[in-house]
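The values are calculated or read from the model by the stated rules, or taken from the named source; none is laboratory data. Please read all numbers here as calculations on a predicted model, not as lab measurements. Don't worry about glycine lacking a Cβ; one is built from the backbone with ideal geometry, like all the others, and counts go over all protein chains shown. The accessibility values were calculated without ligands, DNA or RNA, using every heavy atom of the protein model including side chains. Shrake-Rupley method; radii C 1.70, N 1.55, O 1.52, S 1.80 Å.
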Amino acid sequence: KQEVTQIPAALSVPEGENLVLNCSFTDSAIYNLQWFRQDPGKGLTSLLLIQSSQREQTSGRLNASLDKSSGRSTLYIAASQPGDSATYLCAVKAAGNKLTFGGGTRVLVKP
Amino acid sequence: KAGVTQTPRYLIKTRGQQVTLSCSPISGHRSVSWYQQTPGQGLQFLFEYFSETQRNKGNFPGRFSGRQFSNSRSEMNVSTLELGDSALYLCASSSQMTSGISTDTQYFGPGTRLTVL
């Protein structure tokens with residue numbers, strides 16, 4: 001059974017610092033991994049999608065890496081801003097065509 | 001293009017009642033998935049539909065059911081509501097065009113917040 005873990009559960013950084021969010025999964029037989037952002041009480045916003053054959057994806061200040069063999073992904077957010085404060089979730093797609101989510105990392109960027 | 005829309009956004013029901021939630025995917029998307037989000041269990045997969053067929057189902061009791069229409073809109077129904085069904089119900093769509101595994105980005109709606117009293 002696929003399990004996805006995100007550590008730490010919460011993170012607080014001063015504005016301008018780089019953010020590093022970690023995601024690990026137990027079964028490397030995945031099709032892809034997706035990072036999402038969720039603001040309080042809202043739905044999920046897709047940030048980056050990494051296919052299983054890819055090592056990383058970049059979008060603006062965001063960069064996500066994937067190491068399938070070790071079951072790890074890292075989301076880097078450069079030069080954090082208060083507007084980056086949110087919960088970040090990673091999810092893997094494997095058999096059953098469903099996403100299995102981690103518990104999320106709640107990020108607070110202090111001005 | 002309009003995003004995924006869900007109605008209603010908020011719902012309050014009492015135990016024993018039933019409820020129907022609606023999801024309209026992004027235009028052209030044929031795959032629709034449903035997820036339940038609670039503080040204790042996080043995000044859990046309910047079911048997935050593609051071209052009006054349920055392809056996958058999560059580990060939820062039979063009180064949870066769904067369907068998809070020919071225009072790809074989807075509904076989920078929860079019968080005999082329990083207090084533990086209080087949650088944010090999220091719908092997601094993707095643009096896959098074949099019946100196999102989708103490797104496309106999943107786009108989520110804003111969710112329906114269900115409160116069971």
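Among A:Pro8, A:Leu75, A:Ala29, flag the residue with its Cα farthest along the positive direction of the charge dipole of the protein assembly as shown, charges on Cβ as +1 for Lys/Arg and -1 for Asp/Glu. Farthest towards the positive pole: A:Ala29.
So for each of B:42-54, A:4-16, A:38-50 I average, over its residues, the number of other beta carbons within 10 Å; can you give me the resulting order with the highest mean first? Don't jump to the answer; show the numbers that get you there.
Values: B:42-54: 18.8, A:4-16: 14.0, A:38-50: 17.1.
Top of the packing list down: B:42-54, A:38-50, A:4-16.
Applying the Karplus relation 6.51 cos²θ - 1.76 cosθ + 1.60 with θ = phi - 60° to the stretch B:75-90 yields 3J(HN,Hα) values of 10, 10, 10, 10, 9, 6, 4, 10, 4, x, 7, 4, 5, 9, 9, 10 Hz, where x marks Gly and Pro. Other residues whose C-beta falls under 10 angstrom from the C-beta of B:Gly111 contribute a net charge of +3, scoring Lys and Arg +1 and Asp and Glu -1. Sorting B:61-69, A:91-99, B:1-9 by average packing, meaning the other beta carbons within 10 Å per residue, from highest down gives A:91-99, B:61-69, B:1-9.
Cross-linked pairs A:Lys42/A:Lys68; A:Lys42/A:Lys93; A:Lys93/B:Lys13; A:Lys42/A:Lys110; A:Lys42/B:Lys1: Cα-Cα separations exceed 27 Å for A:Lys42/A:Lys68; A:Lys93/B:Lys13. For the segment A:91-103, counting C-beta atoms of other chains within 10 Å of every residue's C-beta and taking the mean gives 5. What a 1.4 Å probe finds exposed on chain A is 49% carbon and sulfur by accessible area, rounded to a whole percent. Both numbers refer to the Cα atoms of chain B; Rg and Dmax are 13.5, 41 Å.
If you place +1 on the Cβ of every Lys and Arg and -1 on the Cβ of every Asp and Glu, how big does the dipole about the Cα centre of chain B come out, in debye to the nearest 20? Could the numbers behind the result be given before it?
Numbers: 11 positive and 6 negative charges, 35 e Å.
Once rounded to the nearest 20, the dipole reads 160 debye.
Panel note: contact residues of the stretch B:49-64 (accessible area lowered by at least 20 Å² against the chain on its own; 1.4 Å probe) correspond to B:Asn56. The value obtained for the protein assembly as shown, namely the Cα convex hull volume divided by the number of residues, is 122 Å³ per residue.
Accessible surface computed residue by residue for the protein assembly as shown, with neighbouring protein chains in place and a 1.4 Å probe, gives 46 Å² per residue. I want to verify the translational diffusion coefficient of the stretch A:45-111 in µm²/s; compute it with Stokes-Einstein, Rh as the Kirkwood radius over Cα pairs, at 37 °C and 0.692 mPa s. For the chosen part, D equals 249 µm²/s. Leaving ligands and nucleic acids aside, the A/B contact buries around 1600 square angstrom of accessible area in total at a 1.4 Å probe radius.
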